[in-house]
Each structure stands twice: as structure tokens, then as C-alpha cells.
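The values are calculated or read from the model by the stated rules, or taken from the named source; none is laboratory data. Predicted, not measured: the structure shown is a model, and the values here were computed from it. Cβ coordinates were reconstructed from backbone atoms using ideal geometry, including for glycine residues, and neighbour counts include every protein chain displayed.
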Amino acid sequence: MVRKAVVVFAAALLAFAAIPCSSSLLGPIKYPGIARPQSLDHLVIDLPRAPYGPGDSIIGYAIRQACGDRWSRTPPYASYLARRAGSRPAGGRPPDWRPRWDAAVTLRVRGRVYDPGASGGRPTARATRAYGGGTITFAFSGWTTTEQQQLATYVSAVYPVLVSIYGAPAATVTVTIVRDANLQNILGGVYVPATNEIHIPPLQDLSRDTYVLASLIVRAFHDGIAPAYDAWETGFARAVALIAHLQVDASFDLSSEPYYLLPAYDLLNQRPLASPTFFPASGFIGMGVWRVAMAQAAWLKVYAENPSFFRDFNAAYYAEYDSSLPQNVTRLRQIAALAAPQVEGLLFQDWFARQFVLDTTGWPGEKLYLVALPQVDNVTVYLEAEYYRAATAGDEQPLAGAGSFQYIAWDGHLLYPEAGNDIAVQGGQGFQSPSFIAVGGAQRITIELAVGAQVVETWFPYGVAATSGAHNSYFGVVLDADGGTVNIAPPGIPTPAVDAIRGVFTTSQPTPLNFFAPTAVEYQPATGLPNSRSVNTGPLYYVFVLRAHPLELGAVAHTFPAGLSVASLPQSPDASDAARVLGLSPSQTLVARWSPTLPGGYRYIFYPDTPPFEPGLGYWLNAGAPVTVTSHGLLPTGEWRLHLRQGWNQVANPFSAPAPLSGVTVKLLDAAPVSFAQAQSRGIVGALFRYVGGSYVVAQDMSPFEALWIYAYPADGCWLIIQQP
């Protein structure tokens, strides 16, 4: 049976190999041109006339018309939490769950940018002007006496705290805080640099609404000279506002703020976050809320280790400002690196490259992003999928499709929760909240989601998230190992080592953290050397994703020959776009990858829809000339586990040296790993095949930089475990 399957598949691959030279399979791909990023986070609003004065309702009305209903819907995760808490009143939305996002606004009158000039002290894009050392004073428009008193009290308390964190504003201005009913249930508020106005809707929840107000005040610090990218300006504003708000508002319940995502950063730091804009021109906001929250979390990590970061960054930014600086990400990164030389044990530039939400280049093609947030009942995980097609300039079109989950228990068995394993994705989004009952105790559950040709993986630390209905301070999963011990040491808090059992661990006491700080983490396997990390954490809790073997920064270099070849990279590159990694123009990037999840016999994904290069993944490459790759990124060490689905899998050596099959084992379910030869004799897997000169031969080892083929027979799949040579 094994031999017959191999012969049939080898024949199919030979047929495939003859086709890629034609344009019908791996031919030229049209690639959209690069345009300057536009963002719904920075709204461009057309007005029929210039505003008459502070609080002119025409601004709010125009914003409401431009936004339509895209901000009138409560984000799905917030709705989910409200339902679970039983706080949704019959027939309506709980008022305190109104979306509380903020934006900056550019005004246009009759097609021209409205700029009343710098007479009021508003910064303009002139390189000859000196910035910094300014002061903001505040006025109020449209509020009742009680409301104005509440807001004035808050502003007088928060403003000096913001100055201490962010430094003095770019210029001296008066900012008017306008009560604008037009924004009700659309946005939390907007800042209008042209008129130096903050528009916020009538107050519903003072603690939450002033949190948004703080972020809008932070925007006024940069005013008209803000960095052009959402990852910087919005991320800065949200991070600084939260730091300050926590200091002045003792009533703020951070645990009920659904988009404070620093605690889940390890789970959510995925490549699809990368984009030049957080809110695409299409109006698809599925990724927007995650990007805003993750940008906030990323800059909170920088602040945790470098408390003067924002203040020092702004001082340098103001000192060298010219009209090109806001779009110059390379220079922005250099300025940031001077203000924060090291983050989480890495030089700033190396750390920055692995925070995907801060990647403003993005890359085109079909994307799948999977949110997996463990709930305090210990058995439920909230899952939200974002499925869309991205263009180079950041626009995104939502996609629809039928998705399927694989829930893989720590011992390899597939799990089938009552919620089912299927998910319907409509309008770019799909939702599921499975609960796992009586599955064998606390354990790591691997979650694989396939929608269309895309497959994404994440993890659920089942059974360890909480004690007595409150999140434990620290918990998480260990990858590539099931046991060992974990020692987590936040500064000044002695914590004992805890055991990792069935791939998960937790601290037993739910002691809430109340500060941002570096936290030392060390995983000690049962045998072998420990793996240490520095992770910057914050209030509430943190979900760790730890690897049994460290990933090390380094470069790889290789030349792929002209023509058709099988390819791989023993690295997780900093860049996500295959064209950038290969150093090719997009029209010359002829790459494909086999998909084990697509139905039918011909199941290939073509660039730009192919998944980014990662260790262990194999690809086809058709090059018109030899391609030399020099790539920087993360290199695996120790051992690497590849999960094989039933059927053919396109795999690769994850290391940069040849891996003999004597160092390869196969693990089936909860059985101990067996040698590759034993796995073949027991019918778990077939032989490894490599492509050489137009034909397929049985491989006697796993060479670096090439892809191989292997057939897995078990319905539950199995793991291919490759030891570092």
C-alpha cells in the first residue's frame, strides 16, 4: 500500500514539475503598485464649508457620514465578554461596551486640505520651525456644568502625568474639548489638528470615556507633525494614555477592557498584523481592533524596560523634524533605538523586527489571523478568525469560506468539543468558543485552523488559566516538550519554580500584577540545558508561549539554481514577503506550496498566497536565474517538531546542516517517539522523497534549503521530530 501510494503521487508530482515552466502555473503575477498609505485611523473628511468656530457641528456630522456604520458595531470579542458576563440588557447593547477607539482627522474643504494657518501656534510641516517645549491649555464647548467640571478635573490631573511620560508638546496650543453627539456609537473620539479640537460623544462611562480622552490629548502633543503610520502614532497614543490613566483613575477596571492585550501578546504576535495601515480603504475593520491593541501592547513592552522612552524619542524627533521624517520608518527606528537600546534581551532593532504589528511594509496575498484567548473557566477558549486578501498599499478585502479546526491534545489525539470543529467565515470573520470537558486534565491543546488554502496554528493552555474565577498571574504552554520546570521572576517578587505537566504550567496564586516591568523566565527541561528569556509584562496576568529549545538570531545565505527546484529556509526570516526574502521583484517571484488541507488532487498555493518562509516548510521555486538569498531572522536549535496531517506533506530540514535520518524520530499519539525506520515499518509514515533533476528519489538524509515529501497515514496525524545535527 505504501509503495502504490508513493508511485501514484510521484507520477502526479512529475506532471506538476513539467507545468511550472508555463505561465499558467507559476507564470508572471500582476502586482499592484505601491501608494502612500491611507488609513481610516487618520480620517480624511470633506466639508462643504470651513468650520465657523469651536464646536461647529459640521465636523462631527461629516465624520458620521464618512464612517457610516463601520464603527457603530460593538467589536465581536467585547460582545462575547458582555454575553458571558450577563451584562447585555434585553434588546440593546450594554452602554459601557461601546467601541472606544480614537482617530485623528484631516479636513478638506472643496477638495483642498483645510489649514487655517499657524496663527494659533499649530505646528506646520516646515523644517525651519523649532518644535518641543510647548504647552497645551484646554477649553470646553457644549458641556453641561457638571460634565465640564468632571472633565476639567480629569484633564488637570492627567495632563502633568502625560507630560512626565511624553515630554513637553511640540508647540503651545489651546485645545478645545467638544461635546459632539454626532459621534455617539461611532467613535470614542477624534482629534482635529486643523482646529485644535477634540470631539468626543456625550459621556456614558466617565472612567472609560476619559481613557479615550487621554489618548486624544496625547495626539495633540504631536499635533500636525505626527508620525504617518498607525503603528507609531496610534500605538504611542494608546500606550501613553493607558499608563497615565492608570495613575490618575483608581476606578478604572482594566480587567474589563477587552482590548488590553499585553497579557496575550505571545499568542497574538502573528505575521498578518503587519500592514502600512490599520484600517484599510475597503472599510474592513476585522484586523483593525487587534492591530490597535497590539501596537499599544508592543510600545508598553518598550516602556516597561525603558520608562523614559517616549520622552526621549519625542525630544529627538522634534529636534530633527522635517516634512519627510513622519514617513521615514528607517529613521524612526534609529531614533527609537537610541531611546530604548534594548528590549526583552535584544537590541532594539532585532526586537522590533519580530513585533509584527510594527511592520509597516506588510505583504500582499491571502491572510488568515487566529485569535485564541483562554477564559477564566479554564475550559473555554474564545476563537476569532480574520480571513482577507491584502494589497501592497494596505487595502484589505474580506473573504468568505468554510473553515475547519483540528484540536490536538498534548498526547496527539484529536479532540471534538461540543461546539464542533467547523467555522463559517463571512465578511472576513468567523467565531467559535469551544469548551473542552473531561479531556484528561490540564494540558497543551494545539489549535490548527484551515480556511481555503491557509492554515494557522496557535495554542490553548487548557486548565491552567485561572483560580477561583480570576486569571493566574502567569501561565502558558511549552512547545516541543511536555515536562520540565518553569521559573518566572518578576522584579522584586519571589516566585517558586513550577512544574510543566502535559505541556502547560501555571502559578497557583491569582495575585494581580500592577506594574509594567521586565520579567525573567527560564524553562528547565528534564535533561539538558535551560532556555532563558526576558519578557516585559504588565498588569493583570501574562500567557507565555515558551520553547523547549531557544531560537537564536542569525543570518543564512544560499543560492538556489535557475529553473524549477524545491526550496526551504532553515530560519524564520524577519521579512514576511517571499519576494523581499528572495530579493526578487514580485512579478518574478514564482513560488508555490502544497496544501494538505485543500480538497481534491491538485492542491497548490501560489505566491503571493503562499505562507511566509518558516523552518520545516517546503516550497517550489521557479527562478529565471540563480537566486542568492541572504536573510536575517531566528534560527532553530536543539530539536524541531513538525506536525504532519494525514496524507502528503511538503516538509523541510529546519536546520542549516544536513540532518541524517538517524536523528529523525516519529511520535504517534501518546506513544514514545520511534526511529524513522521503525515508523516506516509500522506504517506510520512512508519514505522521504526529494526532487532531483526532474524525478523523485528516496532521500537518505534531509539536506538544508530543500523541500521533501512524506506521507503520513494515521487519521490523527503524527509528529516528525528532527534533532539538530
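From the list Gln397, Gln426, which residue is surrounded by fewer than 16 Cβ atoms within 10 Å (Cβ to Cβ) and within 19 Å of the chain's Cα centre (by Cα)? Unique residue meeting the criteria: Gln397. Identification of strands (runs of 3 or more DSSP E) wholly contained in region 508-573 with 1 or more residues that are under 30 Å from Thr610 (Cα atoms), of a type outside the set (Ser, Thr, Tyr) and in contact (Cβ under 8 Å) with a residue 40 or more places away in the chain yields 542-547, 552-560, 563-567. The strands (runs of 3 or more DSSP E) found entirely in region 588-704 that carry 2 or more residues being surrounded by 18 or more Cβ atoms within 10 Å (Cβ to Cβ) are 591-594, 604-606, 619-623, 627-635, 639-644, 647-652, 664-667, 689-692.
Inside region 453-470, residues that are buried (at least 18 other Cβ atoms within 10 Å of the Cβ) and among the charged types (D, E, K, R) make up a count of 0. Would you point out the residue of region 326-369, among those that are part of a helix (DSSP H, G or I) and of a type in the set (Val, Ile, Thr), that is nearest to His632 (Cα to Cα)? Checking each candidate, the answer is Thr330.
Filter region 370-393 down to the residues that are farther than 27 Å from Ser473 by Cβ and in a strand (DSSP E or B) and list them by number.
Those that are farther than 27 Å from Ser473 by Cβ and in a strand (DSSP E or B): Ala385, Glu386, Tyr387, Tyr388, Arg389, Ala390.
Do we find that Val439 is more than 25 Å from the chain's Cα centre (by Cα) and of a type in the set (A, V, I, L, M, F, W, C) in this structure?
yes
Among the residues in region 350-358, are any modelled with pLDDT of 95 or more, within 19 Å of Gln296 (Cβ to Cβ) and of a type in the set (Asp, Glu)? No - not one qualifying residue is present in region 350-358. Scanning region 190-238 for residues that are of a type in the set (S, T, N, Q) and under 21 Å from Ser251 (Cα atoms) turns up Gln204, Ser207, Thr210, Ser215. Residues being farther than 21 Å from Gln571 by Cβ, among the aliphatic types (A, V, I, L, M) and either in contact with a strand residue (DSSP E or B) (Cβ under 7 Å, 6 or more places away or on another chain) or at pLDDT below 95 (or both) are entirely absent from region 716-725. Of a type outside the set (S, T, N, Q) and over 30 Å from Ser508 (Cα atoms) - does that describe any residue in region 404-411? Yes, region 404-411 contains a residue that is of a type outside the set (S, T, N, Q) and over 30 Å from Ser508 (Cα atoms).
Annotation note: Cβ proximity below 7 Å between a residue of region 672-701 that is touching a residue at least 12 places away in the same chain (Cβ under 8 Å) and a residue that is polar (S, T, N, Q) (sequence gap 6+ or interchain) occurs for Pro673/Thr665; Ser675/Thr665; Phe676/Thr665; Gly686/Gln680; Ala687/Gln680. Is it true that Ser662 is assigned by TED's automatic domain parsing to the domain that holds Trp648 and touching a residue at least 12 places away in the same chain (Cβ under 8 Å)? Answer is yes for this residue. Out of Gln375, Gln355, one residue alone is surrounded by fewer than 19 Cβ atoms within 10 Å (Cβ to Cβ) and out of contact with any Leu (no Cβ under 6 Å at 6 or more places or on another chain). It is Gln375. For region 160-171, state whether one or more residues are surrounded by 15 or more Cβ atoms within 10 Å (Cβ to Cβ), assigned to a strand (DSSP E or B) and of a type outside the set (Asp, Glu). Scanning region 160-171, I find no residue that is surrounded by 15 or more Cβ atoms within 10 Å (Cβ to Cβ), assigned to a strand (DSSP E or B) and of a type outside the set (Asp, Glu), so the answer is no. Considering each residue of region 417-434 in turn, none proves to be outside any strand (DSSP E or B), among the aliphatic types (A, V, I, L, M) and under 30 Å from Thr360 (Cβ atoms). Entry remark, region 541-579: residues being surrounded by fewer than 18 Cβ atoms within 10 Å (Cβ to Cβ), of a type in the set (Gly, Ala, Ser) and closer than 26 Å to Trp709 by Cβ number 3 in total.
For the residues Asp205, Asp209, the requirement of being on the phi < 0 side of the Ramachandran plot, among the acidic types (Asp, Glu) and in contact with a strand residue (DSSP E or B) (Cβ under 9 Å, 6 or more places away or on another chain) singles out Asp209.
The residue of region 477-504 that is farthest from Trp719 (Cα to Cα), among those that are touching a Ser or Thr at 6+ places or on another chain (Cβ under 8 Å) and outside any loop (DSSP other than H, G, I, E, B), is Ala489.
Considering only residues in region 217-276 that are out of contact with any Asp or Glu (no Cβ under 7 Å at 6 or more places or on another chain) and of a type in the set (S, T, N, Q), the one that is surrounded by the most Cβ atoms within 10 Å (Cβ to Cβ) turns out to be Ser275. Only one of the listed residues (Ala500, Ala526, Ala548) is over 19 Å from Gln342 (Cα atoms), over 28 Å from the mean Cα position of the chain (by Cα) and not β-branched (Val, Ile, Thr). That residue is Ala526. Scanning region 514-529 for residues that are at pLDDT below 90 and among the aliphatic types (A, V, I, L, M) yields a total of 2.
Go over the candidates Ser256, Ser251 one by one and state the one that is polar (S, T, N, Q), in contact with a Ser or Thr (Cβ under 9 Å, 6 or more places away or on another chain) and in the same structural domain as Ser215 (by TED's automatic domain parsing). Just one listed residue meets the conditions, Ser251.
Within region 340-352, the residues that satisfy the criterion of being buried (at least 20 other Cβ atoms within 10 Å of the Cβ) and either out of contact with any Lys or Arg (no Cβ under 8 Å at 6 or more places or on another chain) or within 15 Å of Ser275 (Cβ to Cβ) (or both) are Ala340, Trp351.
The rows are residues; the columns are (1) in the same structural domain as Ile217 (by TED's automatic domain parsing); (2) hydrophobic (A, V, I, L, M, F, W, C); (3) at pLDDT 65 or above; (4) not in a helix (DSSP H, G or I).
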position	(1), (2), (3), (4)
Ile58	yes, yes, yes, no
Leu81	yes, yes, yes, no
Arg88	yes, no, no, yes
Leu107	yes, yes, yes, yes
Ala118	yes, yes, no, yes
Arg122	yes, no, no, yes
Gly132	yes, no, yes, yes
Thr137	yes, no, yes, yes
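Of the listed requirements (1) on the phi > 0 side of the Ramachandran plot; (2) surrounded by 24 or more Cβ atoms within 10 Å (Cβ to Cβ), Gly283 misses just one: (2).
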